1. Please go through region 65-107 and pick out each residue that is of a type in the set (S, T, Y) and free of Cβ contacts under 8 Å to residues at least 24 places away in the same chain.
2. Look at region 64-102 and say how many of its residues are assigned to a helix (DSSP H, G or I) and more than 25 Å from I45 (Cα to Cα).
3. State all residues of region 26-63 that are assigned to a loop (DSSP other than H, G, I, E, B) and surrounded by 10 or more Cβ atoms within 10 Å (Cβ to Cβ); if no residue qualifies, say none.
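Taken together, the values in this text are just the output of simple stated rules run on the coordinates, not laboratory data. For clarity, every value in this text was computed on a predicted model and none was experimentally measured. Reconstructed Cβ throughout: ideal geometry from the backbone, glycine too, with neighbour counts over all protein chains shown.
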Amino acid sequence: ALDPKFVAKVEAGTSQPAEAPRARPLTKEDFQIVFGVERFRCPEILFSPNWIGVDQVGLDEMAGVSMRRLSCKDERLEERMTNSILVTGGSSLFPGIIERLEAGIRM
């Protein structure tokens, strides 16, 4: 609380010396971040970049269009090409990303 006579006490030399606040030890709770819908929106941006204002197709649509542009007449070659898609990087660790990518390519 504020002491209205603080200045007078300091000038008179009767005030208590200020004490620095005591630091408490850090716990694991101090380093936690709580996510809500961000958990789902961040990976979703790979498939819907327009959510953040990027005017481009998503990862699944880009891969599907690339595969269709090859216009292979040989089904075995098309299957080999589809099976040779390699997903790497930190984003490849999102749960369900492979299934989502496969579903998007098949569309």
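1. S66, S71, T82, S84, T88, S92
2. Number of matching residues: 8.
3. Taking region 26-63 first, the residues assigned to a loop (DSSP other than H, G, I, E, B) are 26-27, 32-37, 45-48, 53-58.
Within region 26-63, I45, L46, F47, S48, V54, V57, G58 meet the criteria.
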